[in-house]
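The values are calculated or read from the model by the stated rules, or taken from the named source; none is laboratory data. Note that this is a predicted model, so its numbers are computed, not measured. Cβ coordinates were reconstructed from backbone atoms using ideal geometry, including for glycine residues, and neighbour counts include every protein chain displayed. Please note that ligands, DNA and RNA were not included when accessible areas were found on the heavy atoms of the full protein model with its side chains. Shrake-Rupley method; radii C 1.70, N 1.55, O 1.52, S 1.80 Å.
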Amino acid sequence: MVDLRRNRERMVRTQIAARGIRNTAVLNAMLKIKRHLFVDEALQAQAYQDHPVPIGYKQTLSQPYTVALMTDLLDVRPGMRVLEIGTGSGYQAAVLAELGAEVYTVERIPELHEIARRRLQDMGYARIHLKLDDGTLGWPERAPFDRIIVTAGGPEIPAPLLAQLGDPGVLLIPVGGAKRTQELIMVQRQNGTLSEENYGNVAFVDLVGSHGW
Ligand code: SAH
């Protein structure tokens, strides 16, 4: 099996570290995880390039820098309970698990859910829990969460996700009134108070659901 370690080293050096991400836990996770195993064999050569990669069903695995930036902003520490909406390939979930989180991830497309479930199980990620559902409803049975990351873009911040965010807690979500054009919003809850920060323009696939498109 091809390893492509040198492709990963180059990816981390030129796309992530060079753009200012210094978080060694994030850099090490992305060096370690074989990103090419999260896409179809025919696309493996593209897996370390500076752009998103198609994963079927009109969905994409995010660009490496986007994964690194969001994971860095999320400030995940070992033992945290993290909810991810939009399992997709399972790559982002694997990065979170490498940081020591207990990961709960929800996907709405049955085929993607099933492929990711088998892939992550084969890789031995016992601390990633997957659910097939509309993730805009969150995962109430497993709440509260220390961190919530949404890897698809919707028109609003889903109220159920805010309700399931712990205190202290951080929620990251691309929000935008037009499809494929969002701003990356961070919501923090601290001592019962919510505050919001805007991290600029991003372009994610649609968040589809009762609190999405
Ligand atoms: N984090 C993923 C990126 C996947 S792209 C990765 O690492 O590969 C976004 C994913 O969000 C797609 O798979 C899409 O089907 C899913 N999605 C969109 N709306 C959703 C919803 N309401 N609930 C759960 N998943 C959703």
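Under a 1.4 angstrom probe, counting protein chains only, how are R119, R108, R6 ranked by accessible area, largest first?
Result of the area sort, largest leading: R6, R108, R119.
Return the calculated 222 nm mean residue ellipticity for the chain, to the nearest 500 deg cm²/dmol, obtained by summing -39500 (n - 2.57) across DSSP H runs with n ≥ 4 and dividing by the residue count. Numbers along the way, then the final one.
Details: 6 runs with 53 residues, N = 213.
-7000 deg cm²/dmol, from helical runs alone.
Taking N as the number of residues in the chain, what value does Rg over Cα atoms divided by 2.2 N^0.38 Å take?
Against the compact-globule rule of thumb, the ratio is 0.94.
Please list, or write none, the aspartates and glutamates whose alpha carbon is within less than 18 Å of the alpha carbon of K34, excluding same-chain residues fewer than 8 places away.
Answer for K34, where 18 Å is the Cα cut-off: D3, E9, D50, E98, D122, listed by chain and number.
Given the options K34, K58, K131, state which has the largest fluctuation in a GNM of the chain using a 10 Å cut-off (strictly under) for Cα springs.
It is K58.
Would you mind getting the Kirkwood hydrodynamic radius of the range 116-213 from its Cα pairs, rounded to one decimal in Å?
Details: mean 1/r = 0.0701 Å⁻¹.
Evaluated on the range 116-213, it is 14.3 Å.
Which residue, chosen from F38, L27, I109, occupies the Cα position most advanced towards the positive end of the dipole of the chain, where the dipole is computed from +1 (Lys, Arg) and -1 (Asp, Glu) charges on Cβ about the Cα centre?
L27
How large is the Kirkwood hydrodynamic radius of the range 1-108, counting all unique pairs of alpha carbons, in Å?
14.0
With a 1.4 Å probe and every protein chain left in place, work out the accessible area per residue of the chain in Å², rounded to a whole number.
In whole numbers, the chain has 46 Å² accessible per residue.
With labels modelled as points extended 7 Å from the Cα through the Cβ direction, what inter-label distance (nm, one decimal) is found for T193 paired with L132?
If labels sit at T193 and L132, their model points lie 4.5 nm apart.
GNM, the chain, Cα, under 10 Å: largest mean-square fluctuation among T66, T136, T24?
T24
In the Gaussian network model of the chain, springs joining C-alpha atoms below 10 Å, which of A126, A29, A17 carries the largest mean-square fluctuation?
Judging by the Gaussian network model, the answer is A126.
All other residues with a Cβ under 10 Å from the Cβ of G212 taken together, and with Lys, Arg as +1 and Asp, Glu as -1, what is their net charge?
That sum, taken over residues with Cβ under 10 Å, equals -2.
Just to confirm the number: angle between the C-alpha axis of helix 110-122 and the first principal axis of the chain, 0 to 90 degrees, nearest 10?
60
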